[in-house]
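Here's the structure we're looking at; comments come further down.
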């Protein structure tokens, strides 16, 4: 059965003290909610916050994730943080392939596959992001479908069925991140359905049915319920709205 997930990606926001307070509020919210089986709350603070946040959340109710990990196991890589280091802090999942990592840090499929493999070796779940830019979206359906397919084929579709079972896919229309634009529920469903069909073509219908696919593009309390109502949307990867516990809670309630 596919999981229902609402994940908060804090990006490079909040001080450590602010992050700890936010995590406490999210954890308190999760504790007072009787979440159905298979529904998960995930938060991804900055690296500097992971250890203190791990100490204040109920790990049975809130899953701690990192926003990235290194493409190497260890060694002389100043500033990098490995998957094994994350595991040692109590991290259970990692976001990889986010459009901001692709754009600003030039991460390509070769790099991302290395990161995916290392994360899986450490037993971490992977939230793997795919999506098209504004130019690719406006060039027509053939192009943006092909872009997303290539992002999958070159990375997670090279995994075994057993490895792929640890993958959550997040569709993020790059043109809707931080721009104020949002994909319509119909646009979100179109891509989510396409992704699920591609998963089925590679791993079979049952794997596709079990795969969680999240929407990640300017999702907020005002539009979450409408987007999440689509049959192939299994929750969201939330950015700005995850920085306010009340807004994040409303989005969780929407799915």
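The values are calculated or read from the model by the stated rules, or taken from the named source; none is laboratory data. Note that this is a predicted model, so its numbers are computed, not measured. With ideal geometry, Cβ positions are generated from the backbone for all residues, glycine too; neighbour counts draw on all protein chains shown.
I'm trying to understand the selection: among the residues of the range 222-255, which are surrounded by fewer than 17 Cβ atoms within 10 Å (Cβ to Cβ) and over 19 Å from residue 190 (Cβ atoms)?
222, 244, 246, 250, 253
Looking at 91, 81, 56, which one is part of a loop (DSSP other than H, G, I, E, B), touching a residue at least 24 places away in the same chain (Cβ under 8 Å) and crowded, with 22+ Cβ neighbours inside 10 Å?
Exactly one of 91, 81, 56 is part of a loop (DSSP other than H, G, I, E, B), touching a residue at least 24 places away in the same chain (Cβ under 8 Å) and crowded, with 22+ Cβ neighbours inside 10 Å, namely 91.
How many residues are without any contact (Cβ under 8 Å) to a residue 24 or more places away in the chain and crowded, with 20+ Cβ neighbours inside 10 Å if we restrict to the range 112-143?
0
Just a yes or no: is a residue in the range 153-163 out of contact with any helix residue (DSSP H, G or I) (no Cβ under 6 Å at 6 or more places or on another chain), within 20 Å of residue 255 (Cα to Cα) and either at pLDDT 95 or above or in a helix (DSSP H, G or I) (or both)?
No, the range 153-163 has no match at all.
State all residues of the range 118-149 that are out of contact with any helix residue (DSSP H, G or I) (no Cβ under 8 Å at 6 or more places or on another chain) and assigned to a helix (DSSP H, G or I); if no residue qualifies, say none.
135, 138, 141, 142, 146
Step by step: first the residues of the range 165-212, then only those that are over 18 Å from the mean Cα position of the chain (by Cα) and in a loop (DSSP other than H, G, I, E, B), then the one that is nearest to residue 233 (Cα to Cα). Which residue is that?
Result: 184.
Inside the range 144-174, can you point out the residues that are out of contact with any strand residue (DSSP E or B) (no Cβ under 8 Å at 6 or more places or on another chain), within 13 Å of residue 194 (Cβ to Cβ) and buried (at least 19 other Cβ atoms within 10 Å of the Cβ)?
144, 173
Mind checking which residues of the range 59-78 are in a loop (DSSP other than H, G, I, E, B), under 30 Å from residue 175 (Cα atoms) and either at pLDDT below 95 or in contact with a strand residue (DSSP E or B) (Cβ under 6 Å, 6 or more places away or on another chain) (or both)?
67, 69, listed by residue number.
Out of all the residues in the range 33-53, which are part of a loop (DSSP other than H, G, I, E, B) and farther than 18 Å from residue 16 by Cα?
Those that are part of a loop (DSSP other than H, G, I, E, B) and farther than 18 Å from residue 16 by Cα: 33, 34, 35, 36, 37, 38.
Checking the conditions here, which among 216, 235 is at pLDDT below 95 and closer than 20 Å to residue 2 by Cα?
Of the residues listed, the single one that is at pLDDT below 95 and closer than 20 Å to residue 2 by Cα is 216.
In the range 94-111, which residues are touching a residue at least 60 places away in the same chain (Cβ under 8 Å), more than 27 Å from residue 56 (Cβ to Cβ) and not in a helix (DSSP H, G or I)?
Passing the criteria: none in range.
If you scan the range 217-255, which residues turn out to be out of contact with any helix residue (DSSP H, G or I) (no Cβ under 7 Å at 6 or more places or on another chain), assigned to a loop (DSSP other than H, G, I, E, B) and closer than 16 Å to residue 127 by Cβ?
Of everything in the range 217-255, those that are out of contact with any helix residue (DSSP H, G or I) (no Cβ under 7 Å at 6 or more places or on another chain), assigned to a loop (DSSP other than H, G, I, E, B) and closer than 16 Å to residue 127 by Cβ turn out to be 234, 239.
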